[in-house]
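Participant: Below is the structure I would like to discuss, written out as structure tokens.
The values are calculated or read from the model by the stated rules, or taken from the named source; none is laboratory data. Since we're looking at a predicted model, the values are computed, not measured. All Cβ positions, even for glycine, are placed from backbone atoms using ideal geometry, and neighbour counts span all protein chains on display. Side chains are part of the model used for accessible areas, which takes the heavy atoms of the whole protein and leaves out ligands, DNA and RNA. Shrake-Rupley method; radii C 1.70, N 1.55, O 1.52, S 1.80 Å.
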Amino acid sequence: MQRIISWILTFGVALVLLAALLSYVFMFTVRFTETAVVTRWGKADENSVIDGRTQAGAHWDIRPYPIRRVTKYDSRVRWVPVKLETQQTADNKQVVVEAFCTWRVDNALKFFQTFGNRGERPEEHFRAAQDMLTSNLRATMALVSQYKLDDLFTAGDDGGRIPELEK
């Protein structure tokens, strides 16, 4: 009798471990702050995107890890600052300019297709996007040198070219 109980207990533990292993291999979760891109053999299409805002939770896929890969992107707003830089205006005055940019992944498929070749991990994709945004922001900060100091700091509707610079 004890052999039967021991056999049933061993079989039950083995079954639980097998179920845990299978769920680890064939299941993934998407949080409500994430958007996932599920690739099959490295390819993704419009049906590969799982938006956590509408489809958060556990998802099953019968294809194992080497065939299926899940790349999860945080869809919350990110902030890219650029340090203070001294710029010279058109009338040879020095101004200190600081800029920042806020961004988030809105189209995960396009983001994956653009930055997916930068590495396997999403952090590498985010770092590549942030480097691109930082260089664009620095180039934009250089536009200050095209304006005179009076154009930058004149208030009112009749003067100033700040709206032009903001575009």
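Participant: Looking at the range 1-115, what strands (runs of 3 or more DSSP E) fall wholly within it and have at least 1 residues that are among the hydroxyl-bearing types (Ser, Thr, Tyr)?
Facilitator: Details: elements: 27-30, 34-40, 49-51, 57-60, 68-74, 78-88, 94-103.
Hits in the range 1-115: 27-30, 34-40, 68-74, 78-88, 94-103.
Yes or no, residue by residue, for (1) modelled with pLDDT under 80; (2) under 16 Å from Ala44 (Cβ atoms); (3) within 11 Å of the chain's Cα centre (by Cα):
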position: Asn107; (1), (2), (3): no, yes, yes
position: Gln113; (1), (2), (3): no, yes, no
position: Ala129; (1), (2), (3): no, no, yes
position: Thr140; (1), (2), (3): no, no, no
position: Gln146; (1), (2), (3): no, no, no
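Participant: Go through (1) touching a residue at least 40 places away in the same chain (Cβ under 8 Å); (2) in contact with a Phe, Trp or Tyr (Cβ under 9 Å, 6 or more places away or on another chain) for Val77 and report which single condition fails.
Facilitator: (1)
Participant: Looking at (1) closer than 21 Å to Val105 by Cα; (2) open to solvent by less than 40 Å² (accessible area, probe 1.4 Å), which is the one condition that is false for Thr29?
Facilitator: Result: Thr29 fails condition (2) only.
Participant: Can you tell me which residue is modelled with the highest pLDDT among those in the range 60-92 that are open to solvent by 50 Å² or more (accessible area, probe 1.4 Å) and touching an Asp or Glu at 6+ places or on another chain (Cβ under 7 Å)?
Facilitator: This residue is Lys72.
Participant: Shifting gears a bit: For the structure I just gave you, tell me whether Glu46 is in contact (Cβ under 8 Å) with a residue 40 or more places away in the chain, among the charged types (D, E, K, R) and surrounded by 14 or more Cβ atoms within 10 Å (Cβ to Cβ). Show your work before the answer.
Facilitator: Details: in contact (Cβ under 8 Å) with a residue 40 or more places away in the chain: yes; among the charged types (D, E, K, R): yes; surrounded by 14 or more Cβ atoms within 10 Å (Cβ to Cβ): no.
Taking the combined requirement at face value, the residue does not satisfy it.
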